[in-house]
Amino acid sequence: MRLKDKVTLVTGATSGIGKAIATRFAAEGAHVAVNYLPVKQNAEVAEALAKSFATDSIAVAGDVSKRADVERMVRETVERFGRLDIAINNAGIEIKKPFLEATDDEWHKVIGVNLYGSFVVSQAAARQMVAQGGGGKLIYISSVHEDIPFPDNTAYCASKGGVRMMMRNLAIELAPHRINCNNIAPGAIATPINQAVLDDAEAKRNALTEIPWGRFGLPEEVASVAVFLAGDEAEYVTGSTYYVDGGLTQQVTLY
Ligand code: BGC
């Protein structure tokens, strides 16, 4: 077990990459606070997930774009487990819309969850880590689009580019506290965010032409990099982005 008794908050943990990370971290011995957006059946999903883990884990409700929710999530985690060692900033949304048609509301929603959410979760988590001492890990699930453009997805790209710069800044500011800050940049992963593409044969074929590895990635393949970054072996790793994209970022379509 590589994360024995590490207390880990995973945001947006009821599906996709977040769920895979929460599941893998628990299998590695971590106590997981399984965050879910408090809408409809999410609470049941999060509670069932936490209960299914071999380690003592909990479900924590909260919208990462709301400071009060985030501070309560961290408080509930610390009340239960006594500390917080790792925060995985995973919660993310995208709203695809041509730039000329995008609305303020859509912009604020995407930036609110992806960028402000990462800011406020990082701040609440880092304040706790500094107060308790002993360092910590902040991990961000950004995207290949922290660097490469994605037409019709401007707010999303801006949010992920913002997460990249925030992480690099925090890597410096939080180094004296021994808090490692790193991004994981997934490419096309088979998760609900890509369901429409996966369900459309032509869109899927087009997507695959962009991926040298010739297939979509699996959420578990992102989780295994997160395990490395969260573990003691990554002690000297900070301020970096790890791509998990089957070579997508290296592919340049010339013609
Ligand atoms: C986006 C997906 C996209 C992938 C590769 C991800 O960040 O959420 O919609 O397929 O990047 O382009």
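Before moving on, here are some points about what is shown:
- 18 Å Cα-Cα reach of Lys51 towards lysines, excluding residues that sit fewer than 8 places from it in its own chain: Lys4, Lys6, Lys19
- Percentage relative contact order, the stretch 7-254, counting C-alpha pairs under 8 Å, at least six apart: 19 percent
- Every helix of 4 or more DSSP H residues in the chain counts as -39500 (n - 2.57), and over all residues that averages to -13000 deg cm²/dmol at 222 nm.
- Each peptide in 202-213, 112-123, 23-34 gets a packing score, the mean of other Cβ atoms within 10 Å over its residues, and the list from highest to lowest is 23-34, 112-123, 202-213.
- Segment Thr209-Ala43, extension gain: residue separation times 0.36 nm, minus the distance between their alpha carbons: 55.9 nm
- Debye intensity ratio I(q)/I(0), log10, the stretch 174-255, q values 0.11, 0.12, 0.13, 0.16 Å⁻¹ (C-alpha model): -0.39, -0.45, -0.51, -0.69
- Listed residue (Ala102, Leu198, Gly246) projecting farthest to the positive dipole end of the stretch 98-255, Cβ model: Gly246
- Working ranking of peptides 162-175, 5-18, 38-51 by packing, defined as the average number of other Cβ atoms within 10 Å per residue, highest first, is 5-18, 162-175, 38-51.
- For the stretch 115-185, the spherically averaged projection of the C-alpha convex hull amounts to 4.2 nm².
- Along each principal axis, Cα extent of the stretch 7-254, largest first, Å: 52, 39, 36
- For the stretch 7-254, size of Cβ-based charge dipole, Lys and Arg +1, Asp and Glu -1, in debye: 380 debye
Bear in mind that the values in this text are calculations on the coordinates, not laboratory data. Not measured: the values here are computed from a predicted model. When we count neighbours, we look across all protein chains shown, and the Cβ atoms used for this are built from the backbone with ideal geometry, even at glycine.
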